[in-house]
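Following: one structure in structure tokens, then a few remarks.
Values quoted throughout were computed directly from the atomic coordinates according to the rules given, and no laboratory measurement underlies them. Keep in mind that what you see is a predicted model, and the values were worked out from it rather than measured. No Cβ is skipped: glycine too gets one built from the backbone with ideal geometry, and neighbour counts run over all protein chains shown.
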Amino acid sequence: MYQIIHKKALNPTVVEMKVSAPLIAKRAEPGQFVILRVDEGGERIPLTIADYDRDAGSVTIIFQTVGATTMKLAAKAPGDFIVDFVGPLGRPTATDGLSRVAVIGGGVGCAIAYPVAKKLHELGAVVHSVVGFRNRELVILEDEFRRVSDEFYLMSDDGSAGEHGLVTDALRRLLDAGERYDEVIAIGPLPMMKFVCKLTKEYNVKTVVSMNPIMIDGTGMCGCCRLTVGGKMKFACVDGPDFDGHEVDFDEAMSRGSMYREFEARAREHACNLLKTEAD
Amino acid sequence: MPNMSPKMNEMPTLSPEERSKCFSEVALGYTESAALDEAARCLHCKNPPCVTGCPVNIRIPDFIARLRENDYDGAYSVISESSSLPAVCGRVCPQETQCESKCVRGIKGDAVGIGRLERFVADRHNETHPGESANKEKNGHRVAIVGSGPSGLACAGDLARMGYDVTVFEALHTAGGVLVYGIPEFRLPKSIVRVEIGNLEAMGVKFETDMVIGRILSVDDLFEKGFEAVFIGTGAGLPKFMNIPGENYSGVYSANEFLTRVNLMGAFREDADTPIMRVQRVAVVGGGNVAMDAARCALRLGAQEVSIVYRRGEEELPARREEIEHAKEEGITFRLLTNPVAVLGDDKRAVRALKCVKMTLGEPDASGRRRPVEIDGSEYELPVDCVIMALGTSPNPLIKDTTEGLDTERWGGIVTDGDGKTSREGVFAGGDAVTGAATVILAMGAGKTAAKAIDAYIKSK
């Protein structure tokens, strides 16, 4: 059992939680993830580690309430327990030798992009951050990003926060203005990562993406998280989750990601009703 | 006088109609009278060949003799001397190619039903002595076991009996390894595994789940924490794929994924949180026990048509005869001498068919089996909405990659001497992590052998 020691709503659908897991906190690095189960009988879901405090023995996760499991998780309060919390899994994001980096975050993906930006900043790299959200209400981690970025661009789909437009608009402008990066690191929804990669390919800038496919065990056993990268089969859980974005077959990843959409919709409905009943 | 009937007492089973719709255990077990009748068929050979056919050399005629005298506890203790998981092995051991294949009664008629008798004795024991502990004084030495599958459980049990303070680390949220994620409920009820694990806990073995050794702690960390020896029983969990086009379409599963969703995560239950695709026409590629398990699970989930697609012939099917028979009775179609060449998808990248080619058997290959050869122009499409790849597994590289000085074979197996000793001092290994995918009983035997070697190693320090 793992205790939730802190909980904060970052926006109406995104929750930040700190979970007491001293052994994981001791080992965790940016880019790695955990697999958790909320309760007995619950499903196993992967969540990328947003932060960790080695002294306090806590691991921070930031998640969007999109399905039944994240809804159940969001309903937990500080002091409550979840049954399983496994990690740190996957390979850490490679930051060695990077001196100029553009970090691109989309939506809740910013929760994973932020620790990477922070680590690069601490290592002395020049960090340009471009983050995008649908609207003002959904913006998360703005101050945090500003603190660790040499340049910061906030984009929104409707123009209610920062600039009106997509992250690719800002990135294209930077590249057109002659900015050169050792690497672009893009973390967000699959379509965003796909279009960032399409853009950076034109400018021939190496781009790393963090993939978040459906997983069960997270140790290489089930093969559910397999992707095609450079024409070869890769498992996100053990070979990733970071990959060379120019090699990833995003269309395949999107279709695999939607395999259980109907089931998920039903489960979400069911969880909604259950949580409503509990609240009554 | 022995019972000279040439026939083995039948094992009662659920009817194919009944069982193909549920996950209840298929084989129901002997009644007491059937067990006693079967036990009377044993001739109690002076030099019993059955014992040599058993990978862990259970004193078979001795346990059967006790059984005949209604001394069920005595029979159980004879088996326990050699086996840590009698209720499991009585169900999943391929007895027909091991002990029973050597039985003298098998020369004229059926062998003695040794596996069925073992199961009877174990079930009887678990019903009458739940969670009994053999409290043994601890010797103060700590041993870590990595992986809670058959080899790890066997190693843990033997070490605990010798007085060691044993901790088992398991990556998943439930202990049991392949016994819980792989073998389906209808072949090995999970309650049986829980009883076996409960017995170990009663003996003082500690289980730590959610612990991926190689990530949260390394093998070196375990030594630093005060463990004097480490046993690696991490199995062979990495699924193989065919590398044919379309293998990543939605609707293509590895058998590991499919079985894990069904068995470990309980996806067959209507109220399960873990989803599984409710498919109608399924092709399972492969001919081993795992392929049979996956096919029979798919059927139980409501599929209308389930096929085994295997590139060699009936004779070459590596699965146990009993499993093949059960699968056939339940209505699984066997498409033999058939090899998939591509998975075909629709515009949504979901599986719509498996493109296959017919094969014929040529000259024997390195494995001694006749090599399947494609028949030109025999390609055809098998319409399916799900494909399950059951092509075998290889060892997980996580421990190898994070443990310096641990020698492995090119294909990933950990190198050991005959007793489970690895190239690293104090590190032992056994089971599928060493041999590649094999049987529960071989893994269990390797765990027991390593327990002896660990005992000798710690005593010699």
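How high is the relative contact order of chain A, in percent, with contacts defined as C-alpha pairs under 8 Å that are six or more residues apart?
After rounding, I find 17 percent.
For the range A:113-183, what is the convex hull (Cα atoms) projected area averaged across all directions, in square nanometres?
On the way: hull surface 18.3 nm².
Taking the Cα atoms of the range A:113-183, their convex hull projects to 4.6 nm² on average.
What list of ³J(HN,Hα) couplings, whole Hz, do you get for the range A:259-272 from phi and the Karplus terms 6.51, -1.76, 1.60, once you set θ to phi - 60° and write x for glycine and proline?
3, 10, 4, 5, 4, 4, 5, 5, 5, 5, 4, 4, 4, 3
Between A:Arg146 and B:Phe241, what's the calculated FRET efficiency when r is the beta-carbon distance and R0 is 60 Å? Round to 0.05.
It comes out at approximately 0.85.
At 7 Å along Cα-to-Cβ for each site, give me the label-to-label distance between A:Ala56 and B:Asp407 in nm.
The two pseudo-label positions are separated by 4.9 nm.
In percent, how large is the relative contact order of chain B, given Cα pairs closer than 8 Å and 6 or more residues apart?
16 percent
Where a ≥ b ≥ c are the square roots of the eigenvalues of the C-alpha gyration tensor, would you call the range A:1-155 rounded, which needs a/c under 1.5, or, failing that, prolate if a/b is larger than b/c, or oblate?
Here the range A:1-155 falls in the oblate category.
So what is the relative contact order for the range B:400-461, in percent, with contacts set as C-alpha pairs under 8 Å and at least six apart?
Rounded, it is 26 percent for the range B:400-461.
Any chance you could get the radius of gyration and Dmax over the Cα atoms of the range A:100-257, in Å?
15.3, 46
Just round it to a whole percent: the fraction of Cα-Cα distances in chain B exceeding 44 Å.
Value for chain B (Cα pairs over 44 Å): 13 percent.
Using modelled backbone amide H atoms (1.01 Å from N, in-plane), which distant-in-sequence or interchain residues come within less than 5 Å of B:Ile145's amide H?
Those lying under 5 Å, H to H, from B:Ile145 are B:Thr167, B:Val168, B:Phe169, B:Phe231.
Can you quote the Å³ per residue value for the convex hull of the Cα atoms in the range B:50-160, rounded to an integer? List each step's numbers first, then the result.
On the way: hull volume 12.5 nm³, N = 111.
Cα convex hull per residue, to the nearest whole number: 113 Å³.
Roughly how crowded by other chains is peptide B:266-275, in terms of the mean Cβ count from those chains within 10 Å of each of its Cβ atoms?
5
Mind checking which of A:Gly165, A:Tyr203, A:His121 is farthest towards the positive end of the range A:117-203's charge dipole, using Cβ charges of +1 (Lys, Arg) and -1 (Asp, Glu) about the Cα centre?
Working it through, the farthest residue towards the positive pole turns out to be A:Tyr203.
Going through the cross-link list A:Lys206/A:Lys234; A:Lys72/B:Lys225; A:Lys18/A:Lys232; B:Lys190/B:Lys240; A:Lys72/A:Lys206; A:Lys8/A:Lys118, which pairs have a Cα-Cα distance over 31 Å in this structure? Spell out each step's value before the answer.
Values: A:Lys206/A:Lys234 19 Å; A:Lys72/B:Lys225 36 Å; A:Lys18/A:Lys232 36 Å; B:Lys190/B:Lys240 26 Å; A:Lys72/A:Lys206 38 Å; A:Lys8/A:Lys118 20 Å.
Check vs 31 Å cut-off fails for A:Lys72/B:Lys225; A:Lys18/A:Lys232; A:Lys72/A:Lys206.
At 0.890 mPa s and 25 °C, plugging the Kirkwood radius over alpha-carbon pairs of the protein assembly as shown into Stokes-Einstein gives what diffusion coefficient in µm²/s?
So the translational diffusion coefficient is about 88 µm²/s.
Per DSSP H run of at least 4 residues, take -39500 (n - 2.57); add these up for chain B, divide by its residues and hand me the 222 nm value, nearest 500 deg cm²/dmol. Before the final figure, lay out the partial values.
Working: 18 runs with 154 residues, N = 461.
After summing the helix terms and dividing by residue count, I get -9000 deg cm²/dmol.
Arrange the peptides A:92-99, B:390-397, B:452-459 so that the one whose residues have, on average, the most other Cβ atoms within 10 Å appears first.
Numbers: A:92-99: 14.5, B:390-397: 21.0, B:452-459: 17.5.
Top to bottom by mean Cβ count within 10 Å: B:390-397, B:452-459, A:92-99.
Give me the angle, in degrees from 0 to 90, between the Cα long axis of helix A:167-176 and the longest principal axis of the Cα atoms of chain A, rounded to the nearest 10.
20 degrees
In degrees, nearest 10, range 0 to 90: what is the angle between the Cα axis of helix A:110-122 and the longest Cα principal axis of chain A?
Around 60 degrees separate the two axes.
Once you have a ≥ b ≥ c as the square roots of the Cα gyration tensor eigenvalues for the range B:241-391, tell me rounded if a/c is under 1.5, and otherwise prolate or oblate according to whether a/b is larger than b/c. Intermediate values should be presented prior to the final figure.
Numbers: a/c = 2.05, a/b = 1.36, b/c = 1.51.
Note, shape of the range B:241-391 comes out oblate.
To make sure I understand, if each residue's beta carbon is the centre and we count other beta carbons within 10 Å, what order do A:Glu179, B:Glu100 fall in, fewest to most? Intermediate results must be reported in sequence, preceding the final value.
On the way: A:Glu179 16, B:Glu100 24.
Arranged by neighbour count, lowest to highest, A:Glu179, B:Glu100 become A:Glu179, B:Glu100.
I'd like the mean, over residues of A:213-219, of how many other protein chain beta carbons sit within 10 Å of each residue's own Cβ.
Averaged over the peptide's residues, the number is 5.
Run down the aspartates and glutamates and flag those whose C-alpha is under 16 Å from the C-alpha of A:Lys194, throwing out any fewer than 8 positions away in its chain.
A:Lys194 reaches A:Asp169, A:Glu183, A:Glu202, A:Asp242, A:Asp244, A:Glu247, A:Asp249, A:Asp251, A:Glu252.
Could you give the length gained by full extension between B:Val341 and B:Ala366, i.e. 0.36 nm per residue of separation minus their alpha carbon distance, to one decimal place?
On the way: separation 25, 0.36 × 25 = 9.00 nm, distance 2.29 nm.
In short, 6.7 nm is gained.
If I histogram all Cα-Cα distances within the range A:2-89 using bins 10 Å wide from 0, what percent of pairs lands in each bin?
So the P(r) values, bin by bin, are 19, 57, 23, 0.
Quick one, can you get me the convex hull of the C-alpha atoms of chain A expressed as volume per residue in Å³?
Per residue, the Cα convex hull of chain A comes to 130 Å³.
Given Cβ point charges of +1 (Lys, Arg) and -1 (Asp, Glu) and nothing else, what value in debye, to the nearest 20, does the dipole of chain B about its Cα centre take?
Details: 54 positive and 65 negative charges, 114 e Å.
The dipole magnitude comes to about 540 debye.
Which order do the peptides B:351-357, B:200-206, A:5-11 come out in when sorted by mean C-beta neighbours inside 10 angstrom, highest first? Walk me through the numbers before you get to the answer.
Details: B:351-357: 21.4, B:200-206: 18.4, A:5-11: 14.9.
Highest to lowest by the protection proxy: B:351-357, B:200-206, A:5-11.
Let me know the mean shielding of B:209-219 by other chains, meaning the per-residue number of their Cβ atoms within 10 Å of its Cβ. Numbers along the way, then the final one.
On the way: counts 3, 14, 2, 9, 0, 1, 12, 10, 3, 1, 0.
Taking all residues of B:209-219 together, the mean is 5.
Give the separation of the Cα centroids, the range A:213-243 to the range B:326-350, in Å.
24 Å
Tell me, what is the FRET efficiency for A:Arg173 and B:Lys7 to the nearest 0.05, using R0 = 51 angstrom and their Cβ-Cβ distance as r?
0.05
Work the Kirkwood hydrodynamic radius out for the range B:1-44: mean of 1/r over every pair of different alpha-carbon atoms, inverted, in Å.
It works out to 12.1 Å.
A:Glu163's amide H: which non-local residues (gap 5+, or another chain) put their own amide H closer than 5 Å, with H modeled 1.01 Å from N in plane and none for Pro or chain starts?
A:Leu154, A:Met155, A:Ser156
B:Val415 to B:Ala438: FRET efficiency via 1/(1 + (r/R0)^6), r the Cβ-Cβ distance, R0 22 Å, to the nearest 0.05? Display every interim value, and only then the final one.
Working: r = 16 Å, r/R0 = 0.73.
So the FRET efficiency works out to roughly 0.85.
Per the helix-only calculation at 222 nm, which mean residue ellipticity applies to chain A, given -39500 (n - 2.57) for every DSSP H run of n ≥ 4 and division by its residues, nearest 500 deg cm²/dmol?
After summing the helix terms and dividing by the residues of chain A, the value is -9000 deg cm²/dmol.
Using just the Cα positions, wrap the range B:100-205 in a convex hull and report its mean projected area in square nanometres, one decimal place.
8.4 nm²
Going by Cα centres, the range A:19-93 and the range B:21-53 are how many Å apart?
Measuring centre to centre over Cα atoms gives 48 Å.
Taking H placed 1.01 Å from N in the peptide plane, check which residues at least 5 places from B:Thr13 or on another chain put their amide H under 5 Å from its amide H.
Amide H neighbours of B:Thr13: B:Leu28.
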